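Worksheet: one structure, shown below.
The values are calculated or read from the model by the stated rules, or taken from the named source; none is laboratory data. The model shown is predicted, which means the values in this text are computed figures rather than measured ones. Every residue, glycine among them, receives a Cβ derived from its backbone with ideal geometry; neighbour counts consider all protein chains shown. Heavy atoms of the whole protein, side chains included, go into the accessibility calculation; ligands, DNA and RNA do not. Shrake-Rupley method; radii C 1.70, N 1.55, O 1.52, S 1.80 Å.
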Amino acid sequence: MDIQNVIREQVTGNPVVLYMKGTPQFPMCGFSATAVQILKNLGVTNLFSVNVLENEDIRNGIKEYANWPTIPQLYIKGEFVGGCDIMREMYENGELKTMLAEVGTN
């Protein structure tokens, strides 16, 4: 199994993907919890989430895929958006709401 292909399929096969620690119902770190709360506040109901704590290959592979060292990581329409701090900034300035509206996230 080529982990980069698995990640590519997940990212491109779903409109909104969040690689996180834990699940949306039970986030395992504050950054992941913040990312989930932001997406909930924006009305995202079709979130595809991946718990990186369940698969070390995914956990390491996603960092390589995005060339981004931290989790969580948000992807919209196959494109890397950023981590928690970037999500928060984009949420506060309205940019994330605009991006999500373009993909019909609820």
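List of remarks:
- Hey, Lys77 open to solvent by 50 Å² or more (accessible area, probe 1.4 Å), touching a residue at least 12 places away in the same chain (Cβ under 8 Å) and of a type in the set (D, E, K, R) or not: yes
- When Phe31, Phe48, Phe80 are screened for being farther than 15 Å from Ile7 by Cβ and of a type in the set (Phe, Trp, Tyr), only Phe31 passes.
- Filtering Ala35, Ala101 for residues that are open to solvent by less than 90 Å² (accessible area, probe 1.4 Å), at pLDDT below 95 and part of a helix (DSSP H, G or I) leaves a single hit, Ala101.
- In the stretch 60-70, the residues that are of a type in the set (Val, Ile, Thr) and open to solvent by less than 20 Å² (accessible area, probe 1.4 Å): Ile62
- Which listed residue is under 25 Å from Ala101 (Cβ atoms) and among the hydrophobic types (A, V, I, L, M, F, W, C), from Val6, Val44: Val44
- Condition check for Val44: part of a loop (DSSP other than H, G, I, E, B) and surrounded by 19 or more Cβ atoms within 10 Å (Cβ to Cβ): yes
- Hits in the stretch 47-59 (condition: touching a strand residue (DSSP E or B) at 6+ places or on another chain (Cβ under 8 Å) and either among the aliphatic types (A, V, I, L, M) or not in a strand (DSSP E or B) (or both)): Leu47, Val50, Val52, Leu53, Ile58
- Residue within the stretch 55-67 that is among the small types (Gly, Ala, Ser) and closer than 18 Å to Val103 by Cβ present: no
- For the criterion of being part of a helix (DSSP H, G or I) and under 14 Å from the mean Cα position of the chain (by Cα), Ile62 passes.
- Residue check for Phe26: at pLDDT 95 or above, within 12 Å of the chain's Cα centre (by Cα) and open to solvent by 50 Å² or more (accessible area, probe 1.4 Å): no
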